[in-house]
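Encoded as structure tokens, the structure appears first; notes follow it.
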Amino acid sequence: MPMSNFDDHFDVIIVGYGFAGAAAAVSAHDAGARVLLLEKADNPGGISICSAGGVRISRDLQASFEYLKATNAGTTPDACLSAFAQGLTETEAFIRDMARINNAEVGVRWAKANYPLDGGDSFGFVTINDIPGFEPERDFTWGRGLRGGTRLFKVMQDNVASRAIEVRLGTPAVGLISEDGRISGLIAGGKRICAKQGVILACGGFEGDPTMQAQFWQAKPVLSGAYGGNTGDGVRMAQAAGADLWHMWHFHGTYGFRHPDPDVYPYGIRLHRLPDWVPGKPGEEAEINGFFSGGDDARMPWIVVDQRGRRYMNEYPPYVQDTAHRAMSTFDPDTQSYARIPSWMIVDADGLKRGPLGFPAYNDPGVDFAWSDDNAAELDLGILKQAGSIEKMAHGMGCDADLLGETIQRWNTFCQNGHDRDHARLPATMLPIETPPYTYGELWPICANTQGGPRHDERQRVLNPYGQVIEGLYVAGELGSIFGHLYMSGGNLAECFIGGRRAAFEACGATR
Ligand SMILES: Cc1cc2nc3c(=O)[nH]c(=O)nc-3n(C[C@H](O)[C@H](O)[C@H](O)COP(=O)(O)OP(=O)(O)OC[C@H]3O[C@@H](n4cnc5c(N)ncnc54)[C@H](O)[C@@H]3O)c2cc1C
């Protein structure tokens, strides 16, 4: 390999300092490599610090594989799913090992996966519950709404800092260098930098790139839910090196609000989280899995209607934060419009008292926005509006009052009977809309994080469209995620650790 044109030399270069980059950096270092970790932003953390910090684990490799196979519906080869399932059984030990750095308290909870499929009860979560003396929002001043993900990131950051890993912040990678059919380095900070053993792209997806989104997603617009720095750089760099792409249509998202002034708050505002649930078999009581916020109270005080005032979906699918946006994407060629973008959320006075409707979490030093406990500030801002009657609300929404009245009356009858005949929403989640004033607000599809990117094999090696390995190029984390059909909560963070570690071991030629 001609090394003379390089300004700098490392064994392994990792692009992106989120969980995937941190896991890869620590693992490559511990395998004996001289490591450079590049981060485009001035602060590390990416989307990772915004996350809830739930990392999926498994206690039964084969059962987890079966579940993953069913939920990926033929979009990901068995070998990748099998390697991932194997990694799920090893991740708790890795997190525990990492947590020793700052005496972090590790929690494990066994919780079913999101869908009632064979193998779904083989899963759990590992989390960092506490780090002595550490407070996410106080210590990570460049983000807000921070919690479990930030604690986990602090663990990884302390591990990176305790090793001889060179970290360059504010230094985007802008292109890969290919020599003799192999990726031999990259360009960053105006320098050509050699990566003797490989480059690992761990630079997230394309949440911050509406142009790339427009090419792959039907819904428009989709608001970015937490972080603007992931602009598809890894997708483009890999493509330029000959990579195939997969899962580009798939993003982890939901519906939520938009701030009226994008200069004040440019991100979509995700909903205050209600518990995920695992649907039961028909006729059985559904099981409520209150792992995240909200305890076991899964009553959702709102309904969602389109621009004509009609309900069109189950507002509370098993994993609201993942698939709830999907029904919004329908384009109506007749009217040449997206009649569901924006949609409207409707809550009555009792529902509004149940607590904050939104939960913004973001990584951006330039903004400062929190949702008020009583939703009053959002009414002042115009994110939410109020009307004393259905007629006035219909006027404010620009829809037919009779149609909206029928929708609400029908919903209230469903609530009385405990049966949503239109969209089969779970009875335990239903609340009537009956007490004025009515609160309503526009709802938009929101992308928490993307799943698509360069296709890779079970060793995290990037593949070209003919399935051949692009030597010296690896991928980790949500960039080129394995999830191609239905996502599993906690799966993206698991992928950061599993893929990051594997990519590092492969690049270093290390055994595990
Ligand atoms: C609110 C929220 C909650 C979530 N909760 C969970 C959860 O509990 N469990 C779970 O599994 N998943 C969760 N997710 C998803 C999960 O957080 C992400 O998928 C995951 O953190 C992505 O990690 P990553 O390391 O791949 O990317 P990131 O953490 O985004 O890191 C990528 C980094 O690469 C940098 N970068 C980009 N381009 C370049 C470049 N050209 N050069 C150098 N650096 C570059 C970026 O600035 C960024 O810092 C959540 C997501 C959101 C939004």
Given an 8 Å cut-off on Cα distances and at least 6 residues of separation, report the relative contact order of the stretch 253-447 as a percent.
31 percent
Can you give the local net charge around residue 224? Use residues other than it whose beta-carbon is closer than 10 angstrom to its beta-carbon, Lys and Arg +1, Asp and Glu -1.
-2
For residue 278, other-chain or 5+-apart residues with amide H closer than 5 Å (H placed, Pro excluded) are 287, 289
How high is the relative contact order of the chain? Use alpha-carbon pairs under 8 Å, at least six apart in sequence, and give a whole percent.
23 percent
For the chain, take every pair of Cα atoms, bin their distances at 10 Å starting from 0, and report each bin as a whole percent.
4, 19, 29, 25, 14, 6, 2, 0
Scoring only Lys, Arg, Asp and Glu (+1, +1, -1, -1) among other residues with Cβ under 13 Å from the Cβ of residue 150 yields 0
For residue 420, what residues show an amide H to amide H distance below 5 Å, using hydrogens built from the backbone and excluding near sequence neighbours?
425
Given H placed 1.01 Å from N in the peptide plane, which residues other than close sequence neighbours of residue 167 have an amide H under 5 Å from its amide H?
37
Relative packing of peptides 441-449, 322-330, 374-382 - highest average C-beta neighbours within 10 Å first
441-449, 322-330, 374-382
The stretch 75-137, relative contact order [Cα under 8 Å, separation at least 6], %
29 percent
When the dipole is taken about the Cα centre of the chain, and only Lys, Arg (+1) and Asp, Glu (-1) are charged at their Cβ, what size is it in debye, to the nearest 20?
700 debye
C-alpha long axis of helix 491-508 to longest principal axis of the chain, angle in °
10 degrees
Flagged links, alpha-carbon separation over 25 Å, of 112/154; 154/220; 154/353; 40/191:
112/154; 154/220; 154/353
At 222 nm, what helix-only mean residue ellipticity would the chain give, in deg cm²/dmol to the nearest 500, using -39500 (n - 2.57) for each DSSP H run of four or more?
-7500 deg cm²/dmol
Under the Karplus relation 6.51 cos²θ - 1.76 cosθ + 1.60, θ = phi - 60°, what is the ordered set of whole-Hz ³J(HN,Hα) values for the stretch 181-195, x standing for Gly and Pro?
x, 9, 6, 10, x, 8, 10, 7, x, x, 10, 8, 10, 7, 10
If you restrict to DSSP beta bridges whose two residues both lie in the chain, what percentage is antiparallel, to the nearest 5?
70 percent
Could you work out the local net charge near residue 361, counting Lys and Arg as +1, Asp and Glu as -1, over the other residues with Cβ closer than 15 Å to its Cβ?
+1
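Only the coordinates and a few stated rules stand behind these numbers; no lab work does. All values reported here derive from a predicted model rather than from experimental measurement. Because the Cβ atoms are built from the backbone with ideal geometry, glycine has one as well, and the counts that use them run over all protein chains shown.
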